[in-house]
Amino acid sequence: MARSQWGSRLGFILAATGSAIGLGAIWKFPYVAATNGGGAFLLIYFLICLSVGLALMLGEMALGRAAGNSAVGTFRDLRGGRWPLVGFVGVLVCFLVYSFYSVVGGWTIAYIGKSFGGEILTSDAKVLGDIFNGFITDPALPLLYHGLFAGLTLAVVIGGVQKGIENLSKFLMPALFVLMLVLIARALTLPGAMEGLLYFLTPDFSKVSGSMLVDAMGLAFFSLSLGMGIMITYGSYVDKEANLLSSSLWVIALTVLTCFLAGLMVLPAVFAFGFDPSAGPGLTFITMPAVFAQMVGGQLFAVLFFFLLLVAALTSSVSLLEVVVSFVIDEFKVGRKAAALGVSLLVFLLGIPASLSLGIWSEYTVFGLGFFDLLDFLTSKLLMPVGEVLLAIFVGWKVWPVIEAELSAGARVPAWLRAMRGFCRYVAPALIAGILVHNL
Ligand code: PHE
């Protein structure tokens, strides 16, 4: 069977951007930036995305297109030996991340419902905290929503590359930007918003430290969906004529812009109503409803906000599932529908202990971590950096001629390609090894 292809370059860019923009950009970025020196963090984050991030993303896309294969097959076709293991780790990470990502995706659906119902429209942070904790520790409800979210993702992936993923992204990504602009317009016109804006944008360089750099790098690689075979898989559906440099620049620019917009959307509003911006992960589900409760028309904005979060999560989870499905299709010669169904079922099952570990199973821990936190630690702090280091070495040292041929049109090697090689060979491995050591 012929390999699936994107229908258009725009479709590819939006699908890759959809993968990148997710809970990382919209839920994590604002509070991480707020607690890490605002503008200084922003600046460092931008620089990392545009240098090492760009080099790795371009490398992944070029690998996928050169091999025309999924994550594991790409390493096998281009080099063989033990390298396919790197692709395999990527597939595994996607699978593991997807299981808890889907649990959180389910929360966003539940919160759309809670916004409609009006129960979260109170400015009492204690009540909101109780609602949130009551919900995520419930033994049954979150599982229902986790199933619903996984079902939505499954429906898209069964639709295929063009009809499913591309069409969804072409429709939802523009919607996401419009929603953000509406919410930003509301946030910035609140009395007292200026203070939050200044807090977000004023660089506080005294906050720059080793652990801040590690946070910035970790978030950059996570939010660009790097090191786990996603851009390899998406790149394998790109036609040979397309310009990968400009495509990846678009993806990165849009992602970075979204992080910035997410900060503009969340932080001024939080300040305007006197909440603590460093509330951490609770900022989205606990603080934001309180902010909406005090706005005129807050219920509408709450519904829009959680819908936006759902859209962001869905276009990312689709990419996670697609990597695993594409691997199963290519390696085991299974049809797309059977592959997607089987993988989804397994992911659903794995998500159950993840969700329950936040509630009734919280006493079961490994290394002091519940299952949910264990999955998160294992993937974002351990396996993802390992995958990224190996990817950088593979691109920079092992198959560089293939990458060069894939990316340069003529006989002359452009300067940006030489810079990219330097980043893959030296800068990325050194920086990411630093992250890894710090995490352990
Ligand atoms: N980039 C997504 C986000 O920011 C998460 C993600 C990571 C998706 C890795 C796919 C792969 O939320």
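The values are calculated or read from the model by the stated rules, or taken from the named source; none is laboratory data. Keep in mind it's a predicted model, so treat the numbers as computed, not measured. Neighbour counts run over all protein chains shown; Cβ positions are idealised from the backbone, glycine included.
What the table below lists for this structure:
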| quantity | calculated |
| --- | --- |
| Yes/no for A253 being within 16 Å of the ligand (Cβ to nearest atom) and free of Cβ contacts under 8 Å to residues at least 40 places away in the same chain | yes |
| Matching option when the condition is basic (K, R) and within 18 Å of the chain's Cα centre (by Cα), among K114, K28 | K28 |
| The listed residue being in contact (Cβ under 8 Å) with a residue 24 or more places away in the chain and within 25 Å of T233 (Cα to Cα), out of I48, I44 | I48 |
| Subset of segment 200-214 that is in a loop (DSSP other than H, G, I, E, B) and polar (S, T, N, Q) - its residue that is farthest from M265 (Cα to Cα) | S209 |
| Among residues of segment 12-42, those that are at pLDDT 85 or above, outside any helix (DSSP H, G or I) and farther than 19 Å from L254 by Cβ, counted | 1 |
| One residue from A313, A279, A354, A338 being farther than 19 Å from P142 by Cβ and part of a helix (DSSP H, G or I) | A338 |
| Any chance V303 is free of Cβ contacts under 8 Å to residues at least 12 places away in the same chain, surrounded by fewer than 22 Cβ atoms within 10 Å (Cβ to Cβ) and away from the ligand (no atom under 16 Å from the Cβ) | no |
| Subset of segment 387-424 [in contact (Cβ under 8 Å) with a residue 60 or more places away in the chain and either within 14 Å of the ligand (Cβ to nearest atom) or of a type in the set (D, E, K, R) (or both)] | G387, E388, L391, K398, E406 |
| Cβ-Cβ under 8 Å pairs, at least 6 apart or on other chains, segment 310-323 side under 17 Å from W27 (Cβ atoms), far side within 7 Å of the ligand (Cβ to nearest atom) and among the basic types (K, R) | none |
| Failed item, numbered, when Q5 is tested on (1) in contact with a Cys (Cβ under 6 Å, 6 or more places away or on another chain); (2) not in a helix (DSSP H, G or I) | (1) |
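Residues checked against (1) away from the ligand (no atom under 12 Å from the Cβ); (2) touching a Lys or Arg at 6+ places or on another chain (Cβ under 8 Å):
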site	(1), (2)
L23	no, no
I26	no, no
F29	no, no
L43	yes, no
F46	yes, no
S51	yes, no
L56	yes, no
R79	yes, yes
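Per-residue answers, yes or no, for (1) among the aromatic types (F, W, Y); (2) in a helix (DSSP H, G or I):
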| residue | (1), (2) |
| --- | --- |
| R65 | no, yes |
| N69 | no, no |
| R76 | no, yes |
| G80 | no, no |
| V86 | no, yes |
| G90 | no, yes |
| V93 | no, yes |
| F100 | yes, yes |
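Conditions (1) β-branched (V, I, T); (2) under 22 Å from F305 (Cβ atoms); (3) assigned to a helix (DSSP H, G or I), marked per residue:
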| residue | (1), (2), (3) |
| --- | --- |
| F135 | no, yes, yes |
| L152 | no, yes, yes |
| G164 | no, no, yes |
| M180 | no, yes, yes |
| R186 | no, yes, yes |
| P191 | no, yes, no |
